[in-house]
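The values are calculated or read from the model by the stated rules, or taken from the named source; none is laboratory data. Note that this is a predicted model, so its numbers are computed, not measured. Counting neighbours? That spans all protein chains shown, and the Cβs are built from the backbone with ideal geometry, glycine included. To get the accessible areas, we keep the full protein, side chains included, count just its heavy atoms, and leave off ligands, DNA and RNA. Shrake-Rupley method; radii C 1.70, N 1.55, O 1.52, S 1.80 Å.
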Amino acid sequence: MAQAADTARTVILTVDDDPGVSRAVARDLRRRYGESYRIVRAESGESALEALRELKLRGDLVAVILADYRMPQMNGIEFLEQALDVYPGARRVLLTAYADTNAAIDAINVVDLDHYLLKPWDPPEEKLYPVLDDLLQAWRTSAYKPVPSTKVVGHRWSARSSDVREFLARNQVPYRWYSVEEPEGRRLLTAAGQDGQRLPLVITPDGTVLVEPEAPELAARVGLATTPTADFYDLVVIGGGPAGLGAAVYGASEGLRTVLVERSATGGQAGQSSRIENYLGFPDGVSGAQLTDRARRQAAKFGAEILTTREVTGLEVNGAARVVRFADGSAIAAHSVILATGVQYRRLQAEGCTDLTGCGVFYGSALTEASSCQGHDVYIVGGANSAGQAAMYLSRFAKSVTLLVRGPDLSASMSHYLIQQIGEAPNISVRGHTVVDAAHGSGRLEQLTLRHLSSGETERVDAQWMFVFIGAAPLTDWLDGTVLRDARGFILAGPDLTADGRPPAGWELDRAPYHLETSVPGVFVAGDARAESAKRVASAVGEGAMAVMLVHRYLEQS
């Protein structure tokens with residue numbers, strides 16, 4: 001008997017223009033292989049090719065294709081030749097009459113035919129099944145690879161393609177990348193009926209084709225939640241970094257109906273870190289993606305809703321309710337809100353950087369690009385922990401990694417353990433008092449102009465990759481006029497609001513703001529967005545938990 005296939009969606013396809021013969025072949029195949037394989041039949045070469053393309057888009061595997069030689073419009077050899085482009089790993093069998101055996105022999109060279117069968121094939125136990133058993137065994141032991149559920153086809157040096165890959169990776173959506181220059185990428189384009197003029201192309205697990213998808217459409221199609229299930233909650237957490245995830249875990253676990261709203265992907269800047277080695281309880285270190293995935297699953301386990309690709313544009317006070325408005329005009333309300341919007345890396349204001357963003361110039365780790373740095377020279381701009389973690393990770397792939405910092409060395413803002421590791425890495429160097437004046441390249445980064453701050457001298461160097469980690473800009477402009485912020489945009493809370501001994505303007509309660517409470521009662525802040533925060537993962541998680549404790553106190557007194 002046939003062995004079980006590696007996947008329940010593996011297909012044996014048969015095509016014959018004679019309906020009676022087609023049904024008979026399919027009947028014999030189902031009798032022997034129906035429990036382990038899906039049997040698909042077609043009655044013309046055109047319809048069989050359409051079926052193969054649909055199977056390809058869905059990510060199904062095709063083990064064997066049986067085609068009749070004498071078919072109108074497209075004979076069996078012509079069909080198998082085109083099928084080879086869609087499923088090159090499938091075993092190919094030609095059904096032929098005795099008079100056509102010469103054509104079948106010729107087909108061995110044309111379409112790399114695996115076998116030809118003479119009609120009639122009765123009894124199948126002697127003439128059909130032994131042949132297919134051998135072909136299926138050979139297919140199972142070959143180098144075929146099950147295609148992951150989501151596929152992305154794009155240009156190697158395309159900012160939009162890079163954005164899609166980074167979005168899927170950061171949201172823990174399994175995917176496989178295909179360059180449009182590679183044969184498999186071109187096969188997928190053909191199967192999707194696209195000419196490659198508009199990329200990236202995303203093929204979802206159900207076979208849906210998305211061309212140049214925006215993040216909300218992509219999120220919805222790959223199974224990420226984007227729409228709230230209710231209009232009113234106990235707690236809305238805005239931002240899915242460590243502070244927001246910590247707040248969601250503690251809020252939901254303590255019985256608050258909680259929803260977390262994230263504009264792109266959970267994890268924030270920490271989620272992009274290749275390895276965090278000073279987080280309590282992980283002596284061997286943990287990647288930002290691993291920590292984020294665990295926290296997200298933990299929040300979901302306790303019942304927190306997590307919405308992605310929802311951009312918040314406004315916060316309003318409506319009596320006891322706090323109304324959160326989205327960019328699409330919709331809104332949700334809650335008794336309380338925790339602002340955990342975090343920060344983003346500042347953009348490098350050097351000539352050429354904007355045009356080359358996503359094409360060699362990246363903000364943050366962009367871990368999806370790391371393996372492509374093999375044997376190349378990499379430059380990292382920044383001297384804090386995120387830059388150091390990226391340098392250590394990228395040094396595993398790159399020929400050289402150069403850290404560019406404004407100060408004399410790394411001691412001002414990087415943890416001691418990272419400075420030690422960088423000092424011991426043979427292919428990492430640090431250039432102090434150095435900034436980037438310009439980025440150069442046609443379609444991708446090729447060179448950088450560096451300037452030494454002390455001497456003013458400039459130098460042009462070859463560079464294929466630059467990762468930027470400079471400064472931290474809070475994502476709080478949408479709160480202008482709602483909550484008080486400092487001159488840099490960070491949110492003021494608790495003691496910072498009452499430094500002069502008086503409550504903030506507009507404060508109507510007969511108590512002072514709680515420690516993490518903003519100038520709006522019931523609205524709290526946690527993590528990097530708070531003025532004078534520690535900018536560390538552990539402190540952000542702790543503030544998220546503390547904010548939930550203060551939410552309980554607020555709700556009890558409201």
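Here is the size of region 48-94 from its Cα atoms: Rg then Dmax, 10.3, 30 Å.
Here region 333-423 is treated as a Stokes sphere of Kirkwood radius computed over C-alpha pairs; at 25 °C and 0.890 mPa s its diffusion coefficient rounds to 164 µm²/s.
P(r) tail, region 149-201: Cα-Cα pairs separated by more than 15 Å, 40% of all pairs. Across region 517-529, coupling constants 3J(HN,Hα) worked out from phi with the 6.51/-1.76/1.60 Karplus curve, θ = phi - 60°, read 7, 7, 6, 10, x, x, 10, 10, 10, 9, x, 5, 6 Hz, and Gly and Pro carry x.
Kirkwood radius for region 428-558, taken over all pairs of different Cα atoms as the inverse mean of 1/r, rounds to 18.2 Å. Bridgeable aspartates and glutamates around K399 (alpha carbons under 15 Å apart, same-chain partners fewer than 8 residues away excluded): E369, D377, D462. Cα-based values for region 243-323, radius of gyration first and Dmax second, are 14.5, 49 Å.
For region 448-558, the carbon plus sulfur part of the accessible surface works out to 49%, probe radius 1.4 Å. Rounded to the nearest 10 degrees, what's the angle between the helix 76-86 long axis and the longest principal axis of the chain, both from Cα atoms, 0 to 90? Value to nearest ten degrees: 10.
Simple rule: put +1 on each Lys or Arg Cβ and -1 on each Asp or Glu Cβ in region 155-255, find the dipole, and look at Q197, Y175, A252; the Cα lying farthest toward the positive end is Q197.
One-quarter of the Cα convex hull surface for region 285-378, in nm²?
Projected area, direction-averaged: 10.0 nm².
Among the GluC sites (Glu not before Pro) within region 139-198, those in coil by DSSP and having at most 11 neighbouring Cβ atoms inside 10 Å are E181. Per residue, the convex hull spanned by the Cα atoms of region 486-527 amounts to 76 cubic angstrom. Against the chain, whose longest principal axis is taken from its Cα atoms, helix 129-140 shows a tilt of about 30°. Put simply, the C-alpha atoms of the chain give a gyration tensor, and the ellipsoid matching it has half-axes of 55, 31, 19 Å, longest first.
For region 161-316, the fraction of C-alpha pairs more than 28 angstrom apart is 31%. Loop-only GluC sites (Glu not before Pro) in region 446-555, please: DSSP not H, G, I, E or B, and at most 16 other Cβ atoms within 10 Å. Counting only loop positions with at most 16 other Cβ atoms within 10 Å, the GluC sites (Glu not before Pro) in region 446-555 are E446, E457, E508, E532.
Relative to the longest principal axis of the Cα atoms of the chain, the long axis of helix 385-394 lies at roughly 20 degrees. In region 508-558, which trypsin sites (Lys or Arg not before Pro) are in a loop and have at most 16 other Cβ atoms within 10 Å, using DSSP for the loop call? Hits after loop and neighbour filter: R511.
Residue-normalised convex hull volume from the C-alpha trace of region 455-508: 163 Å³ per residue. Using all alpha carbons of region 382-460, what is the percent of pairwise distances in each 10 Å bin, ordered from the shortest bin to the longest? Calculated P(r), rounded to whole percents: 18, 46, 32, 4. Each peptide in 275-286, 518-529, 15-26 receives the mean, over its residues, of other Cβ atoms within 10 Å, and ordering these scores from highest gives 518-529, 15-26, 275-286. Rounded to the nearest 20 debye, the dipole magnitude of region 23-83 is 360 debye, with +1 charges on Lys and Arg beta carbons, -1 on Asp and Glu beta carbons, and the Cα centre as origin.
With a 1.4 Å probe and every protein chain left in place, work out the accessible area per residue of the chain in Å², rounded to a whole number. Please report the intermediate quantities before stating the final value.
Numbers: 24560 Å² over 558 residues.
Each residue of the chain exposes 44 Å² on average to a 1.4 Å probe.
Once divided by 2.2 N^0.38 Å, the Cα radius of gyration of region 5-47 becomes 1.16.
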